[in-house]
1. If I go through region 148-169 residue by residue, how many of them are surrounded by 13 or more Cβ atoms within 10 Å (Cβ to Cβ), assigned to a loop (DSSP other than H, G, I, E, B) and over 22 Å from the mean Cα position of the chain (by Cα)?
2. Any chance you could count how many residues in region 221-249 are within 13 Å of residue 29 (Cα to Cα), open to solvent by less than 90 Å² (accessible area, probe 1.4 Å) and more than 26 Å from the chain's Cα centre (by Cα)?
3. For residue 38, indicate whether it is in contact with a helix residue (DSSP H, G or I) (Cβ under 7 Å, 6 or more places away or on another chain), touching a residue at least 12 places away in the same chain (Cβ under 8 Å), under 26 Å from residue 216 (Cα atoms) and open to solvent by less than 40 Å² (accessible area, probe 1.4 Å).
4. Applying the selection to region 112-135, what residues are over 20 Å from residue 191 (Cβ atoms) and open to solvent by 30 Å² or more (accessible area, probe 1.4 Å)?
5. Report whether or not residue 74 is at pLDDT 95 or above, more than 30 Å from residue 170 (Cα to Cα) and over 15 Å from the mean Cα position of the chain (by Cα).
6. Regarding region 16-34, can at least one residue be identified that is over 12 Å from the mean Cα position of the chain (by Cα), closer than 21 Å to residue 232 by Cα, open to solvent by 60 Å² or more (accessible area, probe 1.4 Å) and among the charged types (D, E, K, R)?
7. Could you please give the count of residues in region 222-232 that are free of Cβ contacts under 8 Å to residues at least 60 places away in the same chain and not aromatic (Phe, Trp, Tyr)?
8. Of everything in region 205-221, what is part of a helix (DSSP H, G or I) and without any contact (Cβ under 8 Å) to a residue 40 or more places away in the chain? Give them in sequence order.
Amino acid sequence: KATPEEKRKQDKFEKEIIPETYKILSTCGATVCHVWGCEADDLSAWFCSNLPQQSQIVMLSNDKDWHQLIEKNRVVQAKITTDIIKTVNNIDKSSWLTNYDSFCTKYEITPSQWIDVKQLIGDAGDGVEGVPKIGETTALRLIQKYGSVESVIKNAQEGTLEIPRLNKTSVEWLIENHEKLYITRRVMNLKHSEAEFVEVIGSKGIEQLQQAINKPYVEPDFKTLQGLCFENGELDLYDDMENFCYWLK
């Protein structure tokens, strides 16, 4: 049950921050998509799945869950950094941009295997339990060597897991509680089938997203945007307004 302070913050978020964010983004020319009860990662996953195959998609998010959605020659992920909007002309050389090849080089797995890593480490922020004593580094070593969670479980059961400094507690948990990992995968997976998207987002929510795809681009209203930036204290956005709007275009 939410504490009074948590309730106050949630009320402020819903009644003040969301409407003001809508106002600023819409004035920038953005198409704002919002489905109550759904997180942005599920909506982003739907767009990655349903935009035309020739689309070039840049996902601006620091959320590593979105790594699952990276696709070769189609979907890339960019970190939100303080200087991101000043380097739009350098997009192909930016150190903050992750495409399919740079992901594979960095992690030595493919984006489709990232869900296996997430299964093992869980997500404390979302209340999803992972394997005790396994962090990202160990999870990566396991998936790099064995390829999938299923193979990791099989080797744990057969006593053949060969990862340096792998905690005994982790191995015992994998043997005794591995069924939980399949629930974890279902909760954290973003690569949904069409039927799963209906289950997660709802048919009405999907209708909203389909309408957003066909919505024409609107030019930014810079004069109104300037006023909103001052009103909300968004002076960094004001300083780089044109570059920020480039992303939304």
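1. Total satisfying the criteria: 4.
2. Qualifying residue count for the region: 4.
3. Details: in contact with a helix residue (DSSP H, G or I) (Cβ under 7 Å, 6 or more places away or on another chain): yes; touching a residue at least 12 places away in the same chain (Cβ under 8 Å): yes; under 26 Å from residue 216 (Cα atoms): yes; open to solvent by less than 40 Å² (accessible area, probe 1.4 Å): yes.
The answer is yes for residue 38.
4. First, pick out the residues of region 112-135 that are over 20 Å from residue 191 (Cβ atoms): 124-125, 127, 129, 131-135.
Those that are over 20 Å from residue 191 (Cβ atoms) and open to solvent by 30 Å² or more (accessible area, probe 1.4 Å): 124, 125, 127, 129, 132, 133, 135.
5. In short, yes.
6. Yes, there is a match, as at least one residue in region 16-34 is over 12 Å from the mean Cα position of the chain (by Cα), closer than 21 Å to residue 232 by Cα, open to solvent by 60 Å² or more (accessible area, probe 1.4 Å) and among the charged types (D, E, K, R).
7. Taking region 222-232 as the starting set, the residues that turn out to be free of Cβ contacts under 8 Å to residues at least 60 places away in the same chain are 222-223, 226-227, 230-231.
Those left that are additionally not aromatic (Phe, Trp, Tyr): 223, 226-227, 231.
Residues flagged as free of Cβ contacts under 8 Å to residues at least 60 places away in the same chain and not aromatic (Phe, Trp, Tyr) within region 222-232 amount to 4.
8. Listed by number, the residues that qualify are 207, 211.
The values are calculated or read from the model by the stated rules, or taken from the named source; none is laboratory data. Not measured: the values here are computed from a predicted model. Quick reminder, even Gly has a Cβ in these numbers, built from the backbone with ideal geometry, and neighbours come from all protein chains shown. The area values use the complete protein model at the heavy-atom level, side chains included, leaving out ligands, DNA and RNA. Shrake-Rupley method; radii C 1.70, N 1.55, O 1.52, S 1.80 Å.
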